[in-house]
Amino acid sequence: MTAPLPTDAIRGVITVIPCTDLSETLAYFRERLGFRIELISPADSPTTVVMWGHGAQVRLQKVDGAVDPGVLQLVCDDPQVFGDDELVAPNGTRIELVPSDPPIEIPALQQSVVVSTLRGNAQFGVGRAGMQYRDLVPDRQGGRFIASNILIADGGLVPDYVHYHKVRFQMIFVYRGWVRVIYEDQGESFVMQAGDCVLQPPTIRHRVLEASPGMQVIEVGCPAEHDTIAEHTITLPTGRELPKREYGGQLFVRHQAATSPWLPFRYDGFTFQDLGMGHATHGLAGARVIRADGGTHWPRSIIDNEFLFTFLLDGTAVLEIDGREAQSIEAGDSFVIPADVAYSLSDVSSDATLLEVSLPADLSPQPV
């Protein structure tokens, strides 16, 4: 790898835009797009014009022959003020009008049965900040949902940075080990142990600081593809602790397994911990950890939810889904059940625990 450039000597960036008719392109950038001339050369027969506008510099460069005129994106509060769906400069440069704060795009839901096993299709691959990701819902339900098993193999300090996500829903559940994290306006950093969980509401600034070797989390989010945006202004901790602050209409939630009560589950012989997602998201999403408490069977039933994801944290069971052969599952395996598809669990081991995430929060299986 070559040595980095001396960045303290760099004074700016200029985007070069080639054109065959400099005069016509210059007029368009001035009159239509609002750029101003900074430099023109040579005076008697210009071939170069440097312009400034909207926080950026561009250089119009006269060329002979056909070249790729490129794309220029103008970031706007409201792209509709231009009155055009697409702008094209006389030299052919496409002017894309993009919103400064684009809305979250939620793809149309395409529900399907997904069974992901450690023995099968779900393998770890390198992702952001050196973390390893295992995709638990490869078809992403049409791009609407993502569920990942994330591993930090070596532990120690994590090369993360303060950032945020533009999401509809996102939660992090610690599966193995521990991790230290910090969140905007939620006080000092804290350690999450196995069984702990946070709701990361939209746009909350946060950072992963350090982790135990082999630490694993389960992350569930909507939509599947969403932006991770670096934060260069806000530093953490902020010095504030605002537990009632909402971010994108949701509260921050920190669930601590060690102090959370176990409640009767919808099926006899099982108990559960409510992870607090329903209240914090105003019913958008719910999450719970379920454990066997003498029970060995979930009766055959159907649900009518947008999304139902279940991850087997410990133990074993037999998963039965209509239209498929019964399948043994073990710790690390997961499944997604679409609406109106009957399923059940049998031979649930006495040490079994499961993570269940649903959108919306209300989940009322109907026996069949």
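Readers should treat all values here as calculations from the given coordinates under stated rules, not as data from a laboratory. If you're wondering where the values come from, they're calculated on a predicted model, not measured in any experiment. Because the Cβ atoms are built from the backbone with ideal geometry, glycine has one as well, and the counts that use them run over all protein chains shown.
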Review point. Kirkwood hydrodynamic radius for the chain: how many Å is it when counted over pairs of different Cα atoms?
Key: 23.9 Å
Exercise for review: Choose one of Gly70, His54, Pro42: the residue whose Cα lies farthest towards the positive end of the charge dipole of region 25-80 (beta-carbon charges +1 Lys, Arg; -1 Asp, Glu; about the Cα centre).
Suggested key: Pro42
Check your understanding: Across region 314-322, in residue order, what do the Karplus-derived ³J(HN,Hα) couplings come to in whole Hz, using 6.51 cos²θ - 1.76 cosθ + 1.60 with θ = phi - 60° and x for Gly and Pro?
Key -> 8, x, 9, 6, 10, 9, 10, 10, 3
Point to revise | Relative packing of peptides 197-205, 308-316, 356-364, 60-68 - highest average C-beta neighbours within 10 Å first | key: 197-205, 308-316, 356-364, 60-68
Check your understanding: Which whole-number percent of Cα pairs in region 12-99 have a distance greater than 22 Å?
Key -> 22 percent
Review point. In debye, nearest 20: dipole of the chain around its Cα centre with unit charges on the Cβ of K, R (+) and D, E (-)?
Key: 620 debye
Study note, to complete from the structure: Between the residues Ala280, Thr233, Ile303, the Cα farthest towards the positive end of the dipole of the chain, that dipole coming from +1 and -1 charges on the beta-carbon of Lys, Arg, Asp and Glu, is from Thr233
Practice item. For region 112-255, just the Cα atoms, rotate onto the principal axes and tell me the three extents in Å, largest first. Key: 46, 32, 27
**Study point:** Modelled FRET efficiency - R0 25 Å, Val113 with Gln193, Cβ distances, 0.05 increments
**Key:** 0.15
Review point. For region 79-121, what number results from the quotient of the Cα radius of gyration and 2.2 N^0.38 Å?
Key: 2.21
Review point. Using the Cα atoms of region 263-367 to build a convex hull, what is its mean projected area in square nanometres?
Key: 5.8 nm²
Check your understanding: Of Val115, Met131, Val158, which is farthest on the positive side of the dipole of region 114-249, counting Cα position, with +1 on Lys and Arg Cβ, -1 on Asp and Glu Cβ, and the Cα centre as origin?
Key -> Val115
**Study point:** Structure-based [θ]222 nm, the chain - -39500 (n - 2.57) summed over DSSP H runs of at least 4, per residue, nearest 500
**Key:** -1000 deg cm²/dmol
